[in-house]
Amino acid sequence: MQTDTFKNKVVVVTGGANGIGRCIADEFRSQGAVLYVIDKQEGKHFVGDISNKEVLEAFATEVLSKHDKVDVIINNALPLMKGIDECSYEDFQYALSVGVTAPFYLVKLLKSHLADGASIINISSSRDRMSQPQTESYTAAKGGIAALTHALAVSLSGKARVNSISPGWIDTSYTVYEGPDATQQPAGRVGNPMDIANMVLFLCSDKAGFITGENICIDGGMTKQMIYHGDYGWKLGNI
């Protein structure tokens, strides 16, 4: 159901051309918000690589040239995922630039223009607390933005609420899975972008006015399920 909860609110979204970011942007837009999206992909949004300091400065200038306040910042852009065997020093630095430095710097650039009741949402990942092999660059970036969240919440006390969301398995094409892919998650299904967008809009609303510095994991309960080989039908391969 469309409402005007965010009518004329200025909303900034990084990585908003596809997937979760696009869904978040579309939901805000459907509720009357004015959207500013930055993404590397070509499109009608601001095109640029947020690992570049000058790009972030140009983007912030573009937003502030048209508005004297910003109501919502969504730091969603996806960092590079490479593991210790293949990830170079430069790759790792790039992942951290996109996943941690850029969110910090964008907030810094817009800090003095945050509206009363402003909200900042950082998109982390359930990988901020669990890992697969060969995912170091992405996992470090997501862990970093989760910690950055509570630091910013304290520094911006009285100015903005800052929270993070840690998605689990989210299928951005809305594929419906059956069998083990679905049932390995206590919720019984794989997630989709609306599962994340719904929480983003709640956290940015007045209904969440007493929530700040929090990380909310939206993963269908996957990180809460204890798994032991041979227990409840779980089997580790090659054993």
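Read-outs: derived from the displayed coordinates by stated rules, not from any lab. Predicted, not measured: the structure shown is a model, and the values here were computed from it. Here the Cβ is made from the backbone with ideal geometry for all residues, glycine too, and neighbour counts use every protein chain on show.
Which GluC sites (Glu not before Pro) from region 17-61 combine a DSSP loop assignment with at most 10 other Cβ atoms within 10 Å?
Filter output for region 17-61: 42.
For the chain, find the longest principal axis of its Cα atoms and tell me its angle to the long axis of helix 19-30, 0 to 90°, nearest 10.
Roughly 40 degrees between the two axes.
Of 108/142; 40/111; 7/53; 44/111; 108/159, which sit over 22 Å apart, Cα to Cα?
Long pairs (Cα-Cα over 22 Å): 40/111; 7/53; 44/111.
What would the Debye formula give as log10 I(q)/I(0) at q = 0.14, 0.17, 0.19, 0.23 Å⁻¹ for the alpha-carbon point model of region 57-160, no solvent?
Computed log10 I(q)/I(0) values: -0.58, -0.78, -0.91, -1.15.
Per the Kirkwood treatment, what hydrodynamic radius in Å, one decimal, follows for the chain from the mean inverse distance over all distinct Cα pairs?
18.6 Å
Among 44, 82, 207, which comes first, then next, by fewest other beta-carbon atoms within 10 Å? Spell out each step's value before the answer.
Values: 44 7, 82 18, 207 11.
Ranked by crowding around the Cβ, least crowded first: 44, 207, 82.
Whole-Hz ³J(HN,Hα) for each residue in region 34-42, computed from phi via Karplus 6.51 cos²θ - 1.76 cosθ + 1.60 with θ = phi - 60°, x for glycine and proline: what do you get?
Listing the rounded values in order: 9, 9, 10, 10, 10, 7, 5, 5, 4 Hz.
Please list, in chain and number order, the residues 5+ apart from residue 34 or on another chain whose amide H is under 5 Å from its amide H, with Hs placed from the backbone.
Here the answer is 8, 9, 10, 11, since their amide H atoms fall under 5 Å of that of residue 34.
Output the 0 to 90 degree angle, nearest 10, between the alpha-carbon long axis of helix 193-203 and the longest principal axis computed from the alpha carbons of the chain.
In the chain, helix 193-203 runs at an angle near 50 degrees to the longest axis.
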